[in-house]
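Worksheet: one structure, shown below.
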Amino acid sequence: MDGMRAWSLCSLSPFLLFLALQVTWASVSVKVAPRVEVVKGQTAYLPCDVTGSDVLTAGWFFEVADKRTRVAFWSDKSSGVDETPMLGRVSMAANKTLIISSVQFEDEHNYTCQASAGAAGTAEGRTDLRIFYEPEEPEAVGSKNIISVFSRTYSEVGRCTARNGYPQPRIVWYKDSTPLPDVRNPTSGMYMIPSVVKESSGLYTVNSVLYMMPKKEDKDSKFHCIVVYSMPKEQGKQKSSGSFTLNLNYPMEHMTFSLVNTAPLKEGDEVKLKCETDGNPQPDFEFYKPGTPDRQSGPDGIFTLANVTRNDSGTYKCQFLDIDTIEDHSRSLTLSVNYLDPVVITPSKNITVKQGEGVNLQCKTSASAEYTLQWKTGSSELSNNGNLALSSVKYSNAGLYSCIAKVPSVPGLQKKADITLIVSGKPEIEEPVFGHVGKVGEEVTIMCSAHGYPAPQFTWTPSGRESVSVQDNKVISSVTLETTAAILKDGVTCEASNQHGSDTKVFLVNVKATEESANRGIPVFKSESQTQTGSSGVVIAVVVCVLILLIVVGMLYCLQKKGKLPCGEKKKKEVVSGEVNNDKVVVEMRPGEKASEDSELLNKPHAGQ
């Protein structure tokens, strides 16, 4: 029985020990982030969540070659940081978080947060710190050599470089929009040779050289590369380079000879002919016109004809000698240069027609294609064929007439001819325009416009300073003279005459009202009838004023003779409801008295008589 008890106790002791250890470790625990990612130069935060009521110490360590180095520590008595390469950039927060500022690539380690509760046990957790840096855009450069499709060896076709990334990025080549497989051995017509350089800054520069045995189908392909890299919480980011094409040497299969100009050709144009093949490089072409001795070479396969004429129409040839096959190749092209002959007008010179007569004008031309003829004067269209008939012409019909020829099927191909129509006859003066002056004596300028051919001569009555000008198909005479009463009454006469007769018009001159004269009540002559009426009124007013003045003078004279007028008497001073002030007499009119009673007031006896 005692043996049985002893065996039972022995069998239970490991289990009790395990429970005891579990209780011990359960008294402290550590929880950390498995991985912390940060960009170089930023601040890294490594959290450490320590739980337990009896924690005595805590610290952070990093591992290099299985060797732990303490970075920072904490205890219930003290805390601080240790002498490490991170000294000055590292600290430990109250919540046990490790803070590393201005993170560098050499800070990338596995970090361990460890907490101890003394005899109660120890716990720890591990964090992996990873640093990132975004690389520059990659640069792809194609080979400058001409690569022959006949070569049976691999040729370098391009290089791609991506600088300053961390961690190490990788390069992927593209042909057009398709990524090329990463081939390191020349087994499928292409391969790549990658290389890596770790800069003194700790950043990586990656390179890749692409080798190929290209085919003719690759002549138009575009090659570029991308750099694939990672950033915090982002995988597979990428940047793309510019593209390049291959300079391939491949044989010709087809040859073309074409006209570069797209519009129909016409005389005066610059014509370009282009000869090319679908091979590379292009051969040296020779251009010529059969039947002529001239042969010319054209740079870049372009043959230029400047300022072509109808004589340049015909067949042209382009040819070259294939050096590889010692065979001549040629193509032909036919040019057709459109033309339009000068327009001829009948009659051929400027024509003079008497007023009232008729005239017929005709124009003709010839062209390489169907053409139209149109008569115009100014912007007015007169006829849509080569004939223009004008009946009973007037002076308004005189002027420049144009016949315009066009080839509608060839834009820009047009020509024209002009003829001047002169209408002869006696002068016709345009309706006169009133002249205006501010007052009598001022100068006025009057213009007399007359149609007529030959050019009319002008006579002004009265005369003055005269000048003559020509405007379109009329002659204008201007006269400047001083305004008189006779001119205001009768106006100024303009006579225009030539060998066919004469015409006369009278130009009236008015005195125009001004604000000053209106305010002063000065009479204003506004028209011929008003001027005459106003002049008569002025004469009558002047006569009436003179008569009244004579009557007043006479009455005053009579009163003085009878002694009833105190003028000249120093001792007699008469005041009516007034007063004497030195030599002045103030007379007050009584209310209700009329103007007609002035004489009675003057004859009233003096006060005190």
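The table below lists the values:
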| quantity | calculated |
| --- | --- |
| Test result for residue 56, touching a helix residue (DSSP H, G or I) at 6+ places or on another chain (Cβ under 6 Å) and touching a residue at least 40 places away in the same chain (Cβ under 8 Å) | yes |
| Those residues of region 465-489 which are within 19 Å of residue 436 (Cβ to Cβ), part of a strand (DSSP E or B) and among the β-branched types (Val, Ile, Thr), in sequence order | 476, 479, 480 |
| Within region 377-461, strands (runs of 3 or more DSSP E) holding 1 or more residues that are without any contact (Cβ under 8 Å) to a residue 12 or more places away in the chain and among the acidic types (Asp, Glu) | 380-383 |
| Qualifying residue in region 197-216 (condition: under 15 Å from residue 154 (Cα atoms) and of a type in the set (S, T, N, Q)) | no |
| Residue within region 351-366 that is assigned by TED's automatic domain parsing to the domain that holds residue 410, surrounded by fewer than 16 Cβ atoms within 10 Å (Cβ to Cβ) and farther than 25 Å from residue 473 by Cα present | yes |
| Failed item, numbered, when residue 108 is tested on (1) free of Cβ contacts under 8 Å to residues at least 24 places away in the same chain; (2) outside the structural domain of residue 49 (by TED's automatic domain parsing) | (2) |
| Positions within region 276-288 being surrounded by fewer than 17 Cβ atoms within 10 Å (Cβ to Cβ) and assigned to a loop (DSSP other than H, G, I, E, B), in sequence order | 278, 281, 282, 284 |
| The listed residue being of a type in the set (A, V, I, L, M) and surrounded by 13 or more Cβ atoms within 10 Å (Cβ to Cβ), out of 119, 65, 72 | 72 |
| Scope region 124-151; condition assigned to a strand (DSSP E or B) and either more than 30 Å from residue 71 (Cβ to Cβ) or within 40 Å of the chain's Cα centre (by Cα) (or both); matching residues | 139, 140, 141, 142, 147, 148 |
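To keep it simple, each residue is scored yes or no on (1) touching a helix residue (DSSP H, G or I) at 6+ places or on another chain (Cβ under 8 Å); (2) in a strand (DSSP E or B); (3) free of Cβ contacts under 8 Å to residues at least 40 places away in the same chain.
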| residue | (1), (2), (3) |
| --- | --- |
| 217 | no, no, yes |
| 228 | no, yes, no |
| 256 | no, yes, no |
| 261 | no, no, yes |
| 264 | no, no, no |
| 268 | no, no, no |
| 274 | yes, yes, yes |
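The values are calculated or read from the model by the stated rules, or taken from the named source; none is laboratory data. This one's a predicted model, so the numbers in the text were calculated from it and none came from an experiment. When we count neighbours, we look across all protein chains shown, and the Cβ atoms used for this are built from the backbone with ideal geometry, even at glycine.
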